[in-house]
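The values are calculated or read from the model by the stated rules, or taken from the named source; none is laboratory data. The shown structure was predicted, so the numbers you read here are calculated from the model rather than taken from an experiment. Don't worry about glycine lacking a Cβ; one is built from the backbone with ideal geometry, like all the others, and counts go over all protein chains shown. Ligands, DNA and RNA are stripped out before the accessible areas are found, and what is left, the full protein with its side chains, is counted by its heavy atoms. Shrake-Rupley method; radii C 1.70, N 1.55, O 1.52, S 1.80 Å.
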Amino acid sequence: MLEIKNLHAKIDDKEILRGINLKVNAGEVHAIMGPNGSGKSTLSKILAGHPAYEKTEGEVLYQINGKYKSIDELEPSQRAKEGIFLGFQYPVEIPGVSNISFLMTAFNELCEAQGVETMKEEEFRKYLKPKLMSLDMNESFLERSVNEGFSGGEKKKNEILQMMVLNPRLSLLDETDSGLDVDALRIVAQGVNTLKSKRNATILVTHYQRLLNYIQPDFVHILYQGKIVKSGDKNLALEVEEKGYDWITKQ
Amino acid sequence: MRMMFQELPEYLFELKNKVVFFNGDYSPEMSDLKLQDLEIKQSRTDAINLLHFNQESQIHEMAVSVVVRSGCKAIINEIHFSIDHHSEHHSLTQILVENGAKLTHHQVIAPYQGKKNHKAHVEVFEQGQYQSVLLDMGGNDIRVEETIELKGPHANNQIDGLIRLKNQERSEHIIQVNHLAPETTSQQKYKTMVDNESRAHFTGKIYIAKVAQKSDSALMNKNLLLAKKSHVLSLPQLEIFADDVKCSHGSTTGQLNQEELFYLEARGIPKQQAQEMLLSGYSSEIINKITDADLLKILTPLSRTHL
Amino acid sequence: MKAEEKLAQEYKYGFVTDVETEEFPKGLNEDIIRLLSQKKNEPEWLLEFRLKSYRKWLTMTHPTWQYCQIPPIDFQDLYYYAKPKAKKTAGSLDEIDPELLETFEKLGIPLGEQKRISGIAVDAVFDSVSLGTTHQADLEKVGVIFCSISEAVEKYPELVKKYLGTVVPASDNYYAALNSAVFSDGSFCYIPKGVTCPLDLSTYFRINAKETGQFERTLIVADEGSFVRYLEGCTAPQRDENQLHAAIVEIVALKDAEVKYSTVQNWYAGDKEGKGGIFNFVTKRGICKGDNAKISWTQVEAGSAITWKYPSVILKGNNSQGAFYSVALTNHKMQADTGTKMIHIGKNTRSTIISKGISAEESQNVYRGLVQVMASADNARNYTQCDSMLIGDKCRANTFPTIDVKNNTAVVEHEASTSKISADQLFYLESRGMDKEKAVSLIVNGFCKEVFKTLPLEFSVEAVKLIEMKLENSVG
């Protein structure tokens, strides 16, 4: 589904990614781990098309209608419509824009892109109800402004709710577990696991192994100084948990 | 002069059965209220609407004075609208909020042609509360000057203002809050949205007298420049003569927040639409502070084109 | 130490130097100016510069917009030139009147060759005259010119003529016009292309003579790719009548150049009744003329009866940066009206303003700032933080910023807050064994920390001590 070849990227004249190679197939869950500053967040932001980051070298190919195409020319909103979903590490607050109007607009945009009929508000609220319940979220949250006054846990749940609404093909979850207590973590992981299918793929960016107890990865990659220095299966994550990152970075 | 409802702009028809004063003249019948020295002797939940308008190439002057008696609560909607763009309208509203009283004052300047000059002078006494929402929907020559004096302990003032200018418009707002008694509080949030070749000028002064110990005052001014030739002048000022106070002000000027924009786009909302959502959200924050449902209803069709 | 003893803490620089001075008759007119110019052997173009400025001054009126209450100054009742009769010889400080040398030593600025401070080249200005400069040989080796303006006019007229008055024209304000007409001396500094000045450069001003106006003029030109750190320090004796200090500092930073200018100012502030003290009116301005140029102003103001100064930076070159870091402490009956102006003209310019005001007793502290983004200034960025601390209930703090933005790609952020030293904070520190004075010092230093860390080490140590001294006995 996704093929990254020799990806180099920078922000503000600082090179962060120095040659990433990665292949992700449908149905797979990949975990990307690494010490702080290794470029984990940058990878997901670049894939989603964040304007502050610039690709300087390499290719990012994504399967659209069966064919691999470069996503370079696609605007962030177009990438979203093609099924790429970025779960932000620090979801921004948008005062004045209510959650319900935001979710509905995003959902209806997707419907239009796929040639499916859009929903009116009442119908959409019904559509949301079970999803809200599964995430242990109160309906009153819909009237509040996007992420305004939300705790860290609430913000992350909001990201997962959006994932459920938009049903993406490729999910990039950037440190989804940071700032979550055990209960919230369990609920978030459950949400992600329910959405997993043979037709979609997930990239989990995480610093700690803890999340991977709940969402089992098929592949684990260690990112260090902008490159993937080691890949393995879920046991690699356990090794890192035990030994820290030093033993890899010293190699 | 009497004005017939038919002459009103369409969006104000909603007010047909409400309490309405037109340029000082009162219509329809209501026994206990007179405009000169509008005195509120008991709490009322329905809003009193004061409409000021210009017409017939003249210079109009309008003075209103309102007293809210001790312990009473009231809502006043003051709507300024223009009919004739060759005229001038000067209005002065004087308000007194007695001990323990509460006044909610919604001031709306509908999209204006002609010169508009509005002054307000408010005195708030002990435990009194004055809440003001000021919506300026733009015009070519608008000037608003308001002074609020907190004269008794625990008096409080809250102002939420929005200046929304489309192309080639000019507006100046000067808001001064004087803390003249101990433990008085005020919160001000003023936003501007300025489109091409327009100029918004905002001065927010906070004065804390020596006797006003333990007062708390905060002012936040946000300015959004929408086009290359937008111009904003922001002067947040502090004059502090007491040492045991909390006082802060902030002013930010810039464009739409790029992170917010990206967040919406990353969810599939195209750029243009995302920008509109953010602009609407930006002004909604202030408009939604209006507590009178009828007034909000009136503003909705206006806000679609103007806000 | 008892409170009364602390009260008696004297301004330790308040001594007077006994030296014969050559003075002109009092008053100001074209003849005095011609005489002044003649005494200094100035070329025709400089005399013209002075006369034009004087004529401009006559058409101007004393500004009244500032917050301070300034007693009217009788400009005819001042001496405009006071030169210590002892002759000065260029380059050889050993020939200076020993009394003068002693004065500077008392101030902590030894000028004698054997005792000079290493690492800092000093130009000493006594009353209106530059006495000489240390380290000139070392600087000459790398092509750095650092000498008095008078000397520069003589040896490098083309350079001076090119830049003098280009950053602060006489027409700029009342005191700029006056200064441009009667300035007697000051420092001139030129750093050639690509040179990082090996020493910090410093000028020490000392006003000694009575009823003299001190009008010095400093011009710093940093050529492409150069770097210099400049320190200005000032002191004055204790006298009953006020003394006037109206100076001009001009900085020109060309492409890729950087100038850091620091001031720790401890003029005599007048006694507790407000008698005596210096009137300090200074126009300081830098222009980032070339791309990537940087200018920063750091000041610690703790003296002078009335201070009126707004160091500014004009950000003309693309990617240029301006900064202003200030601590202004006012005590007794001092008045300070100070601030900065950042004018964004080029593209991608940045400015930072951090201003900390501390007022105690009956003093008055005003911050006045202007951040102006012109229509041409794409992507301009400004961050301003303006904090006031009030000690006691008789003082005042005022903040009057102006934010004027004409370009929609700019991002301008301004924050201001007021605080007092809370009883809780004091108690916490006292309960950990600190006495009240120490506790206050600690809190105030924490308040000013961001500014102090931009000063060179020696200065930051001096600044901390200065604040401590000035604050003594101000805490109720």
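Summary of values
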{"read-out": "Index of the failed condition, A:VAL97 passing every other in (1) open to solvent by less than 20 Å² (accessible area, probe 1.4 Å); (2) more than 7 Å from chain B (Cβ to nearest Cβ)", "value": "(2)"}
{"read-out": "Subset of segment C:188-222 (residues that are open to solvent by 10 Å² or more (accessible area, probe 1.4 Å) and either at pLDDT 90 or above or closer than 13 Å to C:GLY143 by Cα (or both))", "value": "C:TYR190, C:PRO192, C:LYS193, C:GLY194, C:VAL195, C:THR196, C:CYS197, C:PRO198, C:LEU199"}
{"read-out": "Meets criteria (over 25 Å from the mean Cα position of the chain (by Cα), within 10 Å of another protein chain (Cβ to nearest Cβ) and touching a residue at least 60 places away in the same chain (Cβ under 8 Å)) for C:ALA377", "value": "no"}
{"read-out": "Test: residue in segment C:358-365 that is open to solvent by 10 Å² or more (accessible area, probe 1.4 Å), within 28 Å of C:MET469 (Cα to Cα) and not in a strand (DSSP E or B)", "value": "yes"}
{"read-out": "Set B:ASP141, B:ASP84: member being in a strand (DSSP E or B), open to solvent by 30 Å² or more (accessible area, probe 1.4 Å) and in contact (Cβ under 8 Å) with a residue 12 or more places away in the chain", "value": "B:ASP141"}
{"read-out": "Those residues of segment C:426-439 which are over 29 Å from C:GLN364 (Cβ atoms), part of a helix (DSSP H, G or I) and of a type in the set (D, E, K, R), in sequence order", "value": "C:GLU430"}
{"read-out": "Scope segment A:53-73; condition assigned to a loop (DSSP other than H, G, I, E, B) and either in contact with a Phe, Trp or Tyr (Cβ under 6 Å, 6 or more places away or on another chain) or surrounded by 17 or more Cβ atoms within 10 Å (Cβ to Cβ) (or both); matching residues", "value": "A:ILE71"}
{"read-out": "Residue list for segment C:140-184, restricted to those being within 21 Å of the chain's Cα centre (by Cα) and assigned to a loop (DSSP other than H, G, I, E, B)", "value": "C:LEU164, C:GLY165, C:THR166, C:VAL167, C:VAL168, C:PRO169, C:ASN173, C:PHE183, C:SER184"}
{"read-out": "Flag for B:VAL232 being under 23 Å from B:LEU162 (Cα atoms) and among the aliphatic types (A, V, I, L, M)", "value": "yes"}
{"read-out": "Residue under evaluation A:GLN216, criteria (1) surrounded by fewer than 20 Cβ atoms within 10 Å (Cβ to Cβ); (2) out of contact with any Lys or Arg (no Cβ under 7 Å at 6 or more places or on another chain); (3) not in a strand (DSSP E or B), criterion not met", "value": "(2)"}
{"read-out": "Qualifying residue in segment B:197-217 (condition: among the aliphatic types (A, V, I, L, M), in contact with an Asp or Glu (Cβ under 8 Å, 6 or more places away or on another chain), open to solvent by 40 Å² or more (accessible area, probe 1.4 Å) and facing chain C (nearest Cβ under 10 Å))", "value": "no"}
{"read-out": "Residues that are open to solvent by 20 Å² or more (accessible area, probe 1.4 Å) and closer than 22 Å to A:GLY37 by Cα, drawn from segment A:153-211", "value": "A:GLU175, A:SER178, A:GLY179, A:HIS207, A:TYR208, A:ARG210"}
{"read-out": "Residue match in segment C:405-418 (condition: more than 9 Å from chain B (Cβ to nearest Cβ) and open to solvent by less than 40 Å² (accessible area, probe 1.4 Å))", "value": "no"}
{"read-out": "Some residue of segment B:241-256 being of a type outside the set (Ser, Thr, Tyr) and within 9 Å of chain A (Cβ to nearest Cβ)", "value": "no"}
{"read-out": "Residue match in segment A:160-180 (condition: more than 19 Å from the chain's Cα centre (by Cα) and within 14 Å of chain B (Cβ to nearest Cβ))", "value": "no"}
{"read-out": "Failed item, numbered, when A:MET137 is tested on (1) assigned to a loop (DSSP other than H, G, I, E, B); (2) closer than 23 Å to A:LEU22 by Cβ; (3) without any contact (Cβ under 8 Å) to a residue 40 or more places away in the chain", "value": "(2)"}
{"read-out": "Search result, residues across segment A:140-152 that are open to solvent by less than 10 Å² (accessible area, probe 1.4 Å) and either without any contact (Cβ under 8 Å) to a residue 12 or more places away in the chain or not hydrophobic (A, V, I, L, M, F, W, C) (or both)", "value": "A:ASN147"}
{"read-out": "Meets criteria (within 30 Å of B:ASN178 (Cβ to Cβ), hydroxyl-bearing (Ser, Thr, Tyr) and away from chain A (no Cβ under 14 Å)) for B:SER230", "value": "no"}
{"read-out": "Tally of residues being more than 12 Å from the chain's Cα centre (by Cα) and either assigned to a loop (DSSP other than H, G, I, E, B) or on the phi > 0 side of the Ramachandran plot (or both) across segment B:119-138", "value": "5"}
{"read-out": "Pairs, first open to solvent by 80 Å² or more (accessible area, probe 1.4 Å) in segment A:231-251, second part of a helix (DSSP H, G or I), C-beta under 8 Å, six or more apart", "value": "A:LYS234/A:LEU212"}
{"read-out": "Filter result for the condition that a residue is more than 9 Å from every other protein chain (Cβ to nearest Cβ), more than 27 Å from B:GLN275 (Cα to Cα) and either modelled with pLDDT under 90 or surrounded by 22 or more Cβ atoms within 10 Å (Cβ to Cβ) (or both), over A:PRO130, A:PRO35", "value": "A:PRO35"}
{"read-out": "Conditions (1) among the aromatic types (Phe, Trp, Tyr); (2) within 30 Å of C:ASN398 (Cβ to Cβ); (3) at the interface with chain A (Cβ under 7 Å from one of its Cβ atoms); number of the one not met by B:TYR263", "value": "(2)"}
{"read-out": "Meets criteria (touching a Leu at 6+ places or on another chain (Cβ under 7 Å), over 30 Å from B:GLY204 (Cα atoms) and either away from chain B (no Cβ under 14 Å) or modelled with pLDDT of 75 or more (or both)) for C:LEU457", "value": "no"}
{"read-out": "Residue ID - surrounded by the fewest Cβ atoms within 10 Å (Cβ to Cβ), chosen from residues in segment C:43-57 that are modelled with pLDDT of 90 or more and among the hydrophobic types (A, V, I, L, M, F, W, C)", "value": "C:TRP45"}
{"read-out": "Unmet criterion (only one of (1) open to solvent by 40 Å² or more (accessible area, probe 1.4 Å); (2) more than 7 Å from every other protein chain (Cβ to nearest Cβ)) for A:LYS81", "value": "(2)"}
{"read-out": "Among (1) part of a strand (DSSP E or B); (2) touching an Asp or Glu at 6+ places or on another chain (Cβ under 6 Å), the one test that B:LYS116 misses", "value": "(2)"}
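For (1) away from chain B (no Cβ under 14 Å); (2) within 15 Å of A:GLU15 (Cα to Cα); (3) not β-branched (Val, Ile, Thr), each residue gets a yes or a no:
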| site | (1), (2), (3) |
| --- | --- |
| A:ALA31 | yes, no, yes |
| A:LYS40 | yes, yes, yes |
| A:LEU43 | yes, yes, yes |
| A:HIS50 | no, no, yes |
| A:THR56 | yes, yes, no |
| A:VAL60 | yes, no, no |
| A:ASN65 | yes, no, yes |
| A:LYS69 | yes, no, yes |
